[in-house]
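This report refers to the structure that appears directly beneath it.
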Amino acid sequence: MKWSVDELEKYEGAKEYFDTLMIPLISLPLGQVGVEAAKEYKWLDEICNYSERQLTGRVLLLPVYYQFEQDFFVPALMNDDFRYKILITTNQTWYEKLQDNGISCYLINRKNDEENLAEIVKEGKKLTKAIMEHWKNEISE
C-alpha cells in the first residue's frame, strides 16, 4: 500500500494485517539538485513501487525520505507500529552505517540502463525477495 489518501483510507480498515514499513532513503546534497538526483529518485521509487505491488496487503510504502546532509541519521519514523521496518537506499555509506547499527536495510545499486523497464523489474524482484527472506529469517529465529 502506498502513502496516498485513497490507499490510506483502505489501510485504516485493515492495518492489523500490515506488519512491514518500507522507507526509501535518498541523499540529496543541497548543492546537487538536478537531473542526476531526479534519476536516482525515479530509480528508487520505481523499484520500491514494484516491490510494494508484489507484497500488497502486508507492506506500507512511505514516500521517499530525503536526507540533505551527508551524515545520515535514522528517521523518527522508526517506531513500533510495524514489526518489520526496512530502509531502502542507493547510498553505500548509509547502507553500511545502518547495517552496523543493526537496522534492516537494502542497498539498490543504480545501473547505466536504469530507465530500462526490464532492469527495474529485475531489481524490484530482488528487493521483494530480500523482504520475504527477512520475514522468513525473523520467523525462524
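Overview of results
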quantity	calculated
Any helices (runs of 4 or more DSSP H) falling wholly within segment 1-108 and containing at least 2 residues that are at pLDDT below 85 and either touching a helix residue (DSSP H, G or I) at 6+ places or on another chain (Cβ under 7 Å) or under 20 Å from Val121 (Cα atoms) (or both)	35-54
Residue pairs meeting the criteria (Cβ under 6 Å; at least 6 apart or on separate chains; first under 14 Å from Lys85 (Cα atoms), in segment 38-67; second among the basic types (Lys, Arg))	Leu61/Lys2
Yes/no for Glu114 being modelled with pLDDT under 80 and not aliphatic (A, V, I, L, M)	yes
Near pairs, Cβ below 8 angstrom, 6+ apart or cross-chain, from segment 123-138 (under 13 Å from Thr20 (Cβ atoms) and touching a residue at least 24 places away in the same chain (Cβ under 8 Å)) to any residue that is hydroxyl-bearing (Ser, Thr, Tyr) and in a helix (DSSP H, G or I)	Leu127/Tyr50; Leu127/Ser51; Thr128/Tyr50; Thr128/Ser51; Ile131/Ser51
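The values are calculated or read from the model by the stated rules, or taken from the named source; none is laboratory data. The shown structure was predicted, so the numbers you read here are calculated from the model rather than taken from an experiment. Neighbour counts are summed over all protein chains in view; Cβ atoms, including those assigned to glycine, are modelled from backbone coordinates with ideal geometry.
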